[in-house]
């Protein structure tokens, strides 16, 4: 009788465990959903930036920069005058693996790392992108740390 009772309790425990494990899988967010949830959680503010050596901007030009995301759009503000081409407002899509964002202008921004408190975005602006019609260009690789 004890063996039957122990077997029945073990069976109930295993069944309960499997039930809850399957529930977690159904409700688990995809990598893309996690990235979107993090991006849309707040307005992100400038932490730091590495600009290309020949860029018309330097890190201190970006201290007022912010970006906020909705489900399909991002809105940027606080650009250095004329430097909107580096990170413009517009639509975006998140990759299936949640590790990159593709902007409406086709530029892919690698997100590495991304967390609830900060993210790093690495991307390249095409050579020859000008700032306010001046000769100085914006082209090259940028690394933005947002918090």
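Nothing in this text is a laboratory measurement; each read-out follows from the coordinates by a stated rule. These numbers were taken from a predicted model, which means no experiment stands behind them. When we count neighbours, we look across all protein chains shown, and the Cβ atoms used for this are built from the backbone with ideal geometry, even at glycine.
Note on the range 102-111: residues that are closer than 16 Å to residue 125 by Cβ and part of a strand (DSSP E or B) amount to 5. Answer yes if at least one residue in the range 115-124 is buried (at least 16 other Cβ atoms within 10 Å of the Cβ), in contact with a helix residue (DSSP H, G or I) (Cβ under 6 Å, 6 or more places away or on another chain) and in contact (Cβ under 8 Å) with a residue 24 or more places away in the chain, and no otherwise. Within the range 115-124 (the criterion being buried (at least 16 other Cβ atoms within 10 Å of the Cβ), in contact with a helix residue (DSSP H, G or I) (Cβ under 6 Å, 6 or more places away or on another chain) and in contact (Cβ under 8 Å) with a residue 24 or more places away in the chain), the answer is no, since none of the residues qualifies.
Residue check: residue 100 meets all listed conditions (1) crowded, with 18+ Cβ neighbours inside 10 Å; (2) out of contact with any helix residue (DSSP H, G or I) (no Cβ under 8 Å at 6 or more places or on another chain); (3) touching a residue at least 12 places away in the same chain (Cβ under 8 Å) but one, namely (3). Taking strands (runs of 3 or more DSSP E) as the structural unit, those lying wholly within the range 57-101 and holding at least 2 residues that are over 13 Å from the mean Cα position of the chain (by Cα) correspond to 73-77, 90-94.
Counting just the residues of the range 49-96 that are on the phi > 0 side of the Ramachandran plot and either out of contact with any strand residue (DSSP E or B) (no Cβ under 9 Å at 6 or more places or on another chain) or in contact (Cβ under 8 Å) with a residue 24 or more places away in the chain (or both), which one comes out surrounded by the most Cβ atoms within 10 Å (Cβ to Cβ)? Top of the filtered list is 82.
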